[in-house]
Amino acid sequence: MLFQLPSIIDSVLILLALMSIVVWGVVIHKWVSFYQLNKRNHLFLEEFNQAEDLQHVRANTKLTDGSLARICQAGLDEWKRLRLSVNAFNHDDRKELVTAVLKQQAHIEQSHTEKGLAILASIGSTAPFIGLFGTVWGIMHALKDISSKGSAGLDVVAGPIGEALIATGIGIATAVPAVLAYNYFLRQLKSSNAQIENFGIAFHYLIVKSGMGAKLP
């Protein structure tokens with residue numbers, strides 16, 4: 001007996017099931033990632049806000065591994081490199097260069113945090129249409145079978161069309177969690193970006209306060 005390929009509507013249902021698995025996998029991964037990120041950044045900010053100069057900040061960056069700690073470490077490394085550089089940079093040039101490094105690392109952290117959101121957005125927008133395609137295809141074949149049998153009774157029509165409508169229902173059930181999760185994580189991302197921006201301002205202020213000539217261990 002030859003292997004029988006699944007029908008179009010069965011293929012649609014399988015695809016939607018796989019998309020649903022992907023959605024929940026991304027949701028769990030992103031929730032854990034944001035939870036850990038917020039926890040680490042909160043611990044880092046508690047130490048950072050108590051630091052009086054860049055020497056204390058450098059010691060605190062080794063205690064946590066969050067996005068703010070990595071941004072801070074990148075700024076401190078550039079700050080130290082400029083201090084040891086043989087090039088004659090003035091005070092303003094050094095501040096600008098450190099700020100540029102902070103922005104570059106901030107963009108890296110933001111890009112890393114955004115991973116997975118595009119998947120949720122894509123599935124949330126396409127799953128209902130995939131389900132609708134399965135429904136339309138199923139109804140077309142159901143009507144074709146009804147026409148060939150020459151009977152349009154309710155018992156003949158309801159079964160095939162009802163089965164075809166399942167695809168639309170599953171498509172919507174797949175899309176709703178994806179859209180809700182996307183909106184939730186988008187708010188988390190905006191909050192994280194605002195936190196990074198505020199930290200950049202605080203770090204810049206600490207550089208001015210400490211003085212570009214201060215030494216790092």
Cβ-derived FRET efficiency at R0 41 Å, A194 paired with L165, nearest 0.05: 0.40
Inter-label distance for H42 and L143, nm, one decimal - labels placed 7 Å from Cα along Cα-to-Cβ: 5.7
For an R0 of 25 angstrom, estimate the FRET efficiency from the Cβ-Cβ distance between I21 and L186 and round to the nearest 0.05. 0.70
On full extension of the chain, what length is gained from Q110 through S11, given 0.36 nm per residue of separation minus the C-alpha to C-alpha distance? 32.0 nm
Output ³J(HN,Hα) for region 119-125: one whole-Hz value per residue in order, computed from phi by the Karplus curve 6.51 cos²θ - 1.76 cosθ + 1.60 with θ = phi - 60°, and x for Gly and Pro. 5, 4, 5, 5, 5, x, 8
Could you give the length gained by full extension between S122 and S33, i.e. 0.36 nm per residue of separation minus their alpha carbon distance, to one decimal place? 30.0 nm
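A short reminder: the numbers here are calculations on the coordinates, not readings from a lab. The shown structure was predicted, so the numbers you read here are calculated from the model rather than taken from an experiment. We place every Cβ from the backbone using ideal geometry, glycine too, and count neighbours over all the protein chains shown.
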